[in-house]
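Structure, as structure tokens:
Nothing in this text is a laboratory measurement; each read-out follows from the coordinates by a stated rule. For clarity, every value in this text was computed on a predicted model and none was experimentally measured. FYI the Cβ positions are ideal-geometry reconstructions off the backbone, even for glycines, and counts take in every protein chain you see.
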Amino acid sequence: MATPDTNLSTDQQLELYRSMLLIREFEQAVLASHEKRLVQGPAHTYIGMEASAVGICSALLDDDYLTSTHRGHGHCIARGLDVKRMLAEIFGRATGYCKGKGGSMHIADVSRGMLGADGIVGGGIPIATGAALGCRVRQSSQVVACFFGEGATNQGSFHEAINLAAIRKLPVVFVCENNHWALSAGFEVTTAVANVADRAAAYSIPGHIVDGNDVLAVHTTAVEAVQRARAGDGPSLIENKTYRWEPHSVFNTKDPRPPDEVAEWKARDPIARFRKVLEEQDALSADQDAAIQKAVAALIEEAVEFATNSPEPEPAEAMADIYA
Amino acid sequence: MARTITYSEALNEALHEEMQRDANVFVLGEDIAVLGGLFQVTKDLLDKYGPERVIDTPISEAAIAGAGVGAALAGTRPVIEFQFNDFMTIAMDQIVNHAAKLRYMTGGQAAVPLVMRAAICSGIGMGAQHSQSLEAWFAHVPGLIVIMPSTPYAAKGLLKAAIRNPNPVVFLESRLLYAIKGEVPEGEYLLDIPGSVMVREGGDVTVVATGRMVSVATSAAEEVGRDGTEVEVIDPQTLKPLDTATIIESVKKTGRLVIVNEGSRTCGYAAEIAAIVSEQALDFLDAPIERVTAGDVPMPVAKVLERAVLPGRDDVVGAIGRVLG
């Protein structure tokens, strides 16, 4: 991997670090809450993949859009969503982002351009293309970041949407988070190419293979792709190679992945790696690190308390919000 | 002042007017720009509004629908075209799982002001994959609005209303109606959603008919009218939401109901109307409800076979005769 060339200030880099930690701790709280039966419905955790969401979202502007996936908590936090309302949504509470109607797989904050996590694999890809088309029609310079997993790249929607975006040179950054496993099927069993990014050639757009556990590498690539999109030069396909530490979801405890492989990827922990980079630059002292960790822990504690004490929705609420 | 134009011209006028009025309205679909649409509904839009708002797409129905959803979320008002109602089945994930549900799933944050136009192309030998009338599929999905205009007047007023509606609308046109002419005012008008039309009044039998079947039902009403039978014909226009009050009121008056719908019989839209009337006006019925629908069979091509499957005037006349005993 190329040495990341980044213009991020020390403060900005520390913010990336803090954001990755917040995702990790949030997901740990989700797992613990599931054990306490506080989580309603499934939840797919993002632990191990934090560098991808944070590296991409840090390249976006406030009015840009993003679409997400069933494994979307990381994208939401990297976009700056409130962890209190996120956790309340996961607990099915009235104070959640979607009033308890969406749950873990549908967290959205339209006011922040977060158009929604998505329970259909590949479902968000045409929507991202459409949001970019809408930006073009409105003659705005907004960009859309579209997250999906490697499994989605075998859906027809991937092909149709990227082809359409490429023809119209739409401002989209397609971000494949290749965590190497669908629920139980390995990437090589399901996919005819060695790298998802190789598929970019089919649409005559740039394809980038990135160490998805290196937040600065992800960020640097994202900046380039976002600039290209905003300049009107069209979409890019970024493949962040990464790994999820946990089984597919909290409902799927049987994990077919080889333990050695899981251990190997855990040794490439994106947070520990970035901490080391910051320490080597003298950008993060032990005291600073402790302070950041403490602040993150306090936010999570507050979120758990908020979500746990939030009211459940009124039953009558079930029939509201069907039509605008 | 009213003049006479075709159903296709009326739809085209609606698009021209709405694109002129609102720069966020744009059209997207296969063969809609250079060709002006397979049925000329998007004629001359490209010349007037340019390639950024009048967009020919690849043959990618799922991407067209998804792009419509995304563009609607991003603050525009897309009108997408499916050449045939049947082709919407290729885009069902975007229509059913996304367009219809995003508002609800986000707890009311998102709005999807998307119009999905499609033509029902029965009656011209297009066969099993180009002739279906799938309105019941869409009416079954919470979150969608379903509209079937039966005249040029309705086509224009309802399309304009659909474009201004903040919800996803499935707008089903009919191939055999595109060339028919009708009176359409010069000035701007919008029609209500929901809103049904009393096509003709009568005290003996209520006939509820949808889309192209309205003209079939009217023709049957004229036929039996020669013998003095007074048939009331109601066109719901908006299948979802449905103006049930007009239908119930009519059935309470006539005591007899025939429903004419072009979709297949089982779990079709006629069944829904029959169920509503059974729930709300059973005591007023003097005869069992009659459904006149397409058969439960894929559409054949040969004229004589297609005619056997589709509801026609004589089928409606027969049903009216049966409910009158």
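Once the other residues with Cβ under 10 Å from the Cβ of B:Ala67 are scored (Lys, Arg +1; Asp, Glu -1), what is the net sum? Its environment carries a net charge of 0. Put simply, the Cα atoms of region B:2-185 extend 45, 38, 30 Å along their principal axes, the longest span coming first.
Within the straight-line cut-off of under 21 Å between alpha carbons, the lysines reachable from B:Lys43 are B:Lys156, B:Lys160, B:Lys181, sequence neighbours fewer than 8 places apart in one chain being disregarded. The Cα trace of the protein assembly as shown gives Rg and Dmax of 27.8, 98 Å, the first to one decimal, the second as a whole number. Percent of Cα pairs in region A:3-141 per distance bin of 10 Å, from zero to the largest separation: 12, 41, 33, 13, 1.
With R₀ set to 51 Å, the beta-carbon distance separating B:Gln20 from B:Ala308 gives a calculated FRET efficiency near 0.65.
Counted by neighbouring Cβ atoms within 10 Å, the residues B:Arg226, B:Arg53 run from fewest to most as B:Arg226, B:Arg53. Distance distribution P(r), region A:129-172, all Cα-Cα pairs, bin width 10 angstrom from 0: 29, 52, 18, 1 percent.
Mind jotting down a quarter of the surface of the convex hull over the alpha carbons of chain B, in square nanometres, one decimal? Don't skip to the answer; put the middle values down first.
Values: hull surface 65.3 nm².
For chain B, the mean projected area of the Cα convex hull comes to 16.3 nm².
Of A:Asp109, B:Asp44, the sequence from fewest to most neighbouring Cβ atoms within 10 angstrom is B:Asp44, A:Asp109.
Tilt of helix B:61-73 relative to the longest C-alpha principal axis of chain B, in degrees (0 to 90, nearest 10)? For helix B:61-73, the angle is close to 70 degrees.
For region A:166-235, the average shadow cast by the Cα convex hull is 5.1 nm², which is a quarter of the hull's surface.
Cβ under 10 Å from A:Val196's Cβ, A:Val196 left aside: what net charge do those residues give with Lys, Arg +1 and Asp, Glu -1? Please report the intermediate quantities before stating the final value.
Values: positive: A:Arg199, A:Lys241; negative: A:Glu150, A:Glu177, A:Asp198, A:Glu239.
After counting each charged neighbour, the total is -2.
Per residue of A:168-177, other chain Cβ atoms within 10 Å of the residue Cβ number 1 on average.
Only lysine pairs 8 or more places apart or on separate chains count here, and in region A:220-307 those with Cα atoms under 19 Å apart total 4. Annotation: lysines with alpha-carbon distance below 30 angstrom to B:Lys252 (same-chain offsets under eight excluded): B:Lys240.
Set the Förster distance to 30 Å, then compute FRET efficiency between A:Leu61 and A:Ala202 from the Cβ-Cβ distance, nearest 0.05. About 0.55, to the nearest 0.05. For B:Ile259, neighbours were defined as the other residues whose beta-carbon sits under 14 Å from its Cβ, and their charges (Lys and Arg +1, Asp and Glu -1) total -3. A dipole drawn for the protein assembly as shown from +1 and -1 charges on Cβ atoms has a positive end, and of A:Leu16, A:Gly80, B:Gly187 the residue lying farthest that way is B:Gly187. Three semi-axes describe the equivalent ellipsoid of region A:189-317; taken as square roots of 5 times the Cα gyration tensor eigenvalues and ordered largest first, they are 32, 24, 21 Å. The calculated FRET efficiency for A:Asp287 paired with A:Glu264, based on their beta-carbon distance and R0 = 22 Å, is about 0.10.
Rounded to two decimals, what is the ratio between the C-alpha radius of gyration of region B:206-289 and 2.2 N^0.38 Å? Could you put the intermediate results ahead of the total?
On the way: Rg = 12.2 Å, N = 84, 2.2 N^0.38 = 11.8 Å.
Region B:206-289 yields a ratio of 1.03.
Evaluated at q = 0.33, 0.34 Å⁻¹, the base-10 log of the normalised Debye intensity for region A:169-208, with identical point scatterers placed on the Cα atoms, takes the values -1.20, -1.23. Working note: Debye formula, equal point scatterers on the alpha-carbon atoms of chain A, no solvent; log10 I(q)/I(0) at q = 0.07, 0.09, 0.15 Å⁻¹ is -0.26, -0.44, -1.27. With all pairs of different C-alpha atoms in the average, the Kirkwood value for the hydrodynamic radius of region A:65-188 is 14.8 Å.
Using the number of other C-beta atoms within 10 angstrom as an exposure proxy, rank A:Ile56, B:Ile90 with the fewest first. Walk me through the intermediate numbers first.
Working: A:Ile56 32, B:Ile90 18.
Ordered from fewest to most neighbouring Cβ atoms within 10 Å, A:Ile56, B:Ile90 come out as B:Ile90, A:Ile56.
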